[in-house]
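Data block below; observations after.
The values are calculated or read from the model by the stated rules, or taken from the named source; none is laboratory data. Here the structure is a predicted model, which is why all the values come from computation and not from measurement. Neighbour counts are summed over all protein chains in view; Cβ atoms, including those assigned to glycine, are modelled from backbone coordinates with ideal geometry. The protein model used for the area step is the full one, side chains on, heavy atoms only, and it has no ligands, DNA or RNA in it. Shrake-Rupley method; radii C 1.70, N 1.55, O 1.52, S 1.80 Å.
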Amino acid sequence: MYKRNRSPGDVIFDTANVLLLVLLAVITLYPFLNTLVVSLNDANDSIQGGLYLWPRAFSWDNYHYVFKEATIFHATLISILRTVIGTVVTVFCSAMVAYTISRPEFVLRKFVTIMFVLTMYLNGGLIPNYLLIRDLHMIGSFWVYVVPGIIGVFNMIVIRSFIEGLPEGIIESARMDGAGDFRTFMRIVLPLSLPALATVALFTGVFQWNSWFDVFLYNSQDVNLSTLQYELMKLLANSNSNSSMTSADAFANSANASANFVTPTSIRATMTIVASLPMIIVYPFLQKYFVKGMTLGGVKG
């Protein structure tokens, strides 16, 4: 096989590309790695600063502090259920609406699309939303995490754009074989729209997993419906309220304080790792669909 001799310019260009990519990788990964290091380092030692890529005084105390609460594990289960159920319901319902307004025979599709888009810019506000949820009797209910966001307008637009890019002949052939709209949607459109659905599922799943304000508004009095994010927020608030206690005070109050002393900074780093780890694990499995869905479904208006 013929191999072209590389000129000095080619070598310089390739070297510059490699160095640039390495620099970008370091810039991208360093904040997360540094947060992980702070979470695994003794809180007393972390106060001194100077932590970079390796714990100076390795300790599990920050994680012990976070997971010592009995409610954490139940809240994690609620967060998982909320993420799974909320994502599945939102993606499916958004896909149904997207398919409906993508069909040229639906005479009201432009009007319905405009009505949906307006909701992205106009909002009744916090108090009207709360009154609506109250009148729907969803306060103190698990479904308050699912029903209010059952249709995501941005998600619907992404899926609609993708569906409009599908070959019309496939849908017409299904109609000729006697398939109705729902069967066509379930058997033809959904399988072909998997990249767009995976993209929307990632968006929705991250939102559901990270959300805590709706828990604070509607279910803060029911510990059985508390989520992981809300429990972590309460832990951080508690650590902030105790931050006025200096390390000297901690040592004076307890002989074991050196093993249990935590700071808001160390708890914040630990919470970041605990909250982001599930999404980091899931993302690689959806990445190929995410990229394809955004490139194919997000280019059309």
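Below are the figures for this structure:
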{"read-out": "1.4 Å probe accessible area per residue over the chain, in Å²", "value": "59"}
{"read-out": "Cut-off under 5 Å, modelled amide H: who pairs with residue 41 long-range", "value": "59"}
{"read-out": "Theoretical gain in end-to-end length, residue 67 to residue 6 [0.36 nm per residue, Cα-Cα removed]", "value": "16.3 nm"}
{"read-out": "Residue-span extension gain [residue 33 to residue 53] - 0.36 nm each, minus C-alpha spacing", "value": "6.6 nm"}
{"read-out": "Highest to lowest packing among 178-191, 103-116, scored as the average C-beta count within 10 Å", "value": "178-191, 103-116"}
{"read-out": "Computed over segment 30-126: relative contact order in percent, which uses C-alpha pairs under 8 Å that are six or more apart", "value": "15"}
{"read-out": "Axial C-alpha extent at least 30 Å, average Kyte-Doolittle at least 1.0 - helices from the chain (DSSP)", "value": "8-39, 71-102"}
{"read-out": "Percent of Cα pairs exceeding the 14 Å cut-off, where the set is segment 155-194", "value": "44"}
{"read-out": "Solvent-accessible surface ranking, highest first, for 74, 64, 137 at 1.4 angstrom", "value": "137, 64, 74"}
{"read-out": "Where 212, 60, 54 fall by accessible area, highest first, once all protein chains stay in place (1.4 Å)", "value": "54, 60, 212"}
{"read-out": "Identified option (computed semi-axes √(5λ) of the Cα gyration tensor in Å; candidates (i) 45, 38, 16; (ii) 44, 33, 15; (iii) 31, 23, 18)", "value": "(ii)"}
{"read-out": "Extreme residue, positive dipole direction of segment 1-86, given options 64, 49, 19 (C-beta unit charges)", "value": "19"}
